[in-house]
Amino acid sequence: MEADTPRVEEYLESIYKLQQDQYPVSTSRLAEHLKLSAPSVSEMVKKLANRGLLSHTEKGVCLTEEGKSIAKKVIRRHRLSERLLTDVLGYRWDEVHDEACRLEHAISSEMEERISESLGNPRTCPHGHPIPDKDGVLVKENVKSLSELKASDRGIIVSVFEEDPRMLKYMASLGLIPDVCVRVEEVAPFGGPMIVCVSGSRYALGREVASRIKVK
Amino acid sequence: MPSCHGALKGIKGSTDYTFVLAGNPNVGKSSIFNRLTGMGVVTANYPGKTVELNMATTTFKGLRIGIIDLPGSYALGAVSEDQWVARRAVLDSKPDAAIMVLDSTNLARNLYMVLQFIDLGIPIVVALNLMDEAEKRNIIIDAPGLSELLGVPVVPTTATTGYGLDDLIQEAIDVVRDSQRIRYHLQYGTDIEANIKRLAELLSPYDFGIAGRALAILLLEEDAEFIELVEKHTNGRSLLEEVKKISKEIEEKHGEETPLRIARERHGLAGVIASQVQNDAAPVVSDKLWGYTTSPLTGIPLLICALGVIFAFLFYGGNWLSTLFSDLWAAYVSPVIDGAIFTIFGEGHIGKTLIWGFDAGILAALAVGIPYVLTFYFMLAFLEDTGYLNSVAFLTDRLMHRFGLHGRAIIPVVAGAGCNVPAIIGTRVLTTMRERTIASALITLIPCSARTAVILGAVSLFVGWKPAVAIYIIVLTLVFFVGVGLNRIMPGSSTGLVMEMFPFRAPIISNIIKKTWYRFKDFVFVAFPIVLAGSLVLGALYETGYLWRLSSPISPVVEGWLGLPAVAGLTLIFAVLRKELALQLLVTLAVVIYGGGADNLLLFMDKTQLFVYALVNTIYIPCVATIAVLGRELGWKRAGSIMAFTITLAILIGGFAYRFIEYFNLL
């Protein structure tokens, strides 16, 4: 296998992260995330598909197993680098992301293991995200969208509409705020809305609304 | 409709006391309003807002009391239209007191807004409403205890029977007369309170027309409207800098944003108060039964039945009433009006034109208004009051989402098949102008009962039932693609469904009748003048013979493109008055031109022509009453665009259908 360029790794890492929210990932979303133009992204997506790292359908792209394992390796190196920067070099945790973006592509497998060992095999990055182990096994981050819950599931809200302050306030006035317990009462089929119970009130939430509420 | 500023001033000037009636949606607030006031309700709105304010005056023990019914909302804020209107009206009307109507079965959530009113420093009286429902659920609330905790009078009420309402008004008057009765002493967390106090002191030298503590909280909540207000002040920027500093301190201490922290404190306080004054109640079986309306397996068949009943009621019931009405009108009213007009104005052009307006025009408005609009409003009010409307919205959300709408749009869209007019007014359940425009555009395309009459009378009768069904299929396909298309091209995105689900409540007939009447009154005032004016213009064109000259400019389109006789094109213009008029006129004209016996339309037009004719009549420009309502509800610019769009669409589709049928020799 030819060595992966930083650009390839960057793509796979982004797709992997975006897959957590949206599956498959649309190319426009990917372009937005990478801050690149749509045509250059679709060209690259074709190349990656030819190499068997992802599959490309009308709706968007999904990583293949091989693509996923590379992505997880990059994420492991990124998060280990962040640990190294904060724990050993004394960086603040809000400064490390960009440095780690450069480091993640330069670290060899050998070096990766040594960093991990010398840091005592940390399980999370300084931001609290889990670090995949060397076989790519990711301790599942237990946060998911409210929309993934099934009828009669319960969860505790972690975050609500992070990027839309108006909606966040509206939800707050209804009592949908972090640390509050929700119970799903009914889920309409085919991606329809769901009914949730929050402190004695019942609300119907559209699926896209529910997908932006994170619970654990 | 009067503007809010004028109407609020009017009601303050003419009464001894003014109270606002506030509360969450569906807590029985409008029942209380209806109980307290009579029929003389004034409806007003703020420019550009669709949420309305109702206000009325009443007499209580010789005192004149003005009551302003705020829109039901979960909070006072600037994030949604109902909240904005509620808060604006409170700040503009400066009421003597606010009557907060609470749902006793859901105390904690309802107390949130009570706390917001307390934060605004407005004297309040609490109505613990739905006491009967609470009893059924074994919920016992300690009203004196709640009164003690909140520092305001609390009155248990049951609006449906009128229980407790006199005490409520008496308490509200007493609160105004003796301000000692209000003892606000509720506190948020110590450090939040300290920060609020610090900020209030900084703000104290300035007058922003609102109490210092209230403004301090609003600024910490990052309320866009009040930040703007302060910013305009000469020292505004430095004040806002201070707000930011304090807000940052709170954020660092609590690890979450200040507005969220305040919301949490308020919910927390509301929850603590609620738990102190009520017992733990066991859930009641009736909620489970109501669950069948939202569970997909049982809910969808139920929904199909319900929509079928609505449609059948509007279609058969409405048609029956409409025919009855037209017959009675023709037999008794029309001769009187015609006689009077001919006696006064003679039988010349003027007399005949006036008959178009005052006989045919008024009939047109009434024959749509009473049978279709009134019955639809009645059914809508019934569905709303039982809470079933929300279940419907829940089940259809997914489909409506493809059109950039959400579940609440389904009822108006289906109602469009009965009559477009109430359907378009019904889009008020949607919150954004984008949603209302898309829904209204789709509704104008849905064949209403009048257009169905043309499809049945022209196509089904002379061409066959299969082509008649084909017209429906074509139109529904168009509705689908137009919906998906509009959702793509219109700027913005759909808001998504966030809606409270209510337990089933037995509807109260008197409430439904009042609701129906208020809405119908609105329709009468909007539609009548425009239908009248439209009829007069059309009448004048017809009686002076100018109309016939119109047939040559439209003939390239009508004859050349659509393949119809030019005279048929004229009847399409007339159909603007009432859609089924197209067919009636077509038959009349056929008789005029080809002599008696031509009421068999096939002597006059071939099958393809009849098909194209009915198709074009179904799609192009809705009737004048619909146009009037579109203009009023969406503004004339949007109404004009919808009209232009439907005309273009009708001509395009009609022309293609004509060529398609001829080419494949389908009919």
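Among B:LEU240, B:LEU405, rank each residue by its count of other Cβ atoms within 10 Å, from fewest to most, as a rough exposure measure.
B:LEU240, B:LEU405
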Q. For the residues B:VAL230, A:VAL143, what sequence is obtained by ranking on other C-beta atoms within 10 Å, fewest first?
A. A:VAL143, B:VAL230
Q. Per residue of the protein assembly as shown, what 222 nm ellipticity follows from adding -39500 (n - 2.57) for every DSSP H run with n ≥ 4, rounded to the nearest 500?
A. -17500 deg cm²/dmol
Q) What angle, in degrees between 0 and 90 and rounded to the nearest 10, separates the Cα long axis of helix B:375-386 from the longest principal axis of the Cα atoms of chain B? A) 30 degrees
**Q.** Crossing angle, helix B:334-345 versus chain B [Cα axis fit, 0-90 degrees, rounded to tens]
**A.** 80 degrees
(Q) Order B:297-304, B:499-506 from most to least packed using the mean count of other Cβ atoms within 10 Å. (A) B:499-506, B:297-304
Q. Fewest to most neighbouring Cβ within 10 Å: what's the order for A:LYS216, B:LYS232?
A. B:LYS232, A:LYS216
Q) What is the antiparallel percent of DSSP beta bridges lying wholly in the protein assembly as shown, to the nearest 5? A) 65 percent
Q | Partner chain coverage, peptide A:180-193 - average Cβ within 10 angstrom | A | 4
Q: Report, to the nearest 10°, how far helix B:433-445 tilts away from the longest principal axis of the Cα atoms in chain B, using its own Cα long axis and a range of 0 to 90°.
A: 30 degrees
(Q) Can you say what percent of the DSSP beta bridges in chain B, counting only those with both residues inside, are antiparallel? Round to 5. (A) 40 percent
Q | Members of A:LYS46/A:LYS214; A:LYS214/B:LYS253; B:LYS9/B:LYS61; A:LYS216/B:LYS253; A:LYS144/B:LYS245 lying beyond 31 Å, as alpha-carbon distances in this model show | A | A:LYS46/A:LYS214; A:LYS144/B:LYS245
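Under the rule a/c < 1.5 gives rounded, and otherwise a/b versus b/c splits prolate from oblate, where does the protein assembly as shown land using the Cα gyration tensor?
Working: a/c = 2.30, a/b = 1.30, b/c = 1.77.
Here the protein assembly as shown falls in the oblate category.
Just so you know, all these numbers are worked out from the coordinates, no wet-lab data involved. It should be emphasised that the depicted structure is a prediction, and the values quoted were computed from it without experimental measurement. Please note: Cβ atoms are built from the backbone with ideal geometry, for glycine as well, and neighbour counts cover all protein chains shown.
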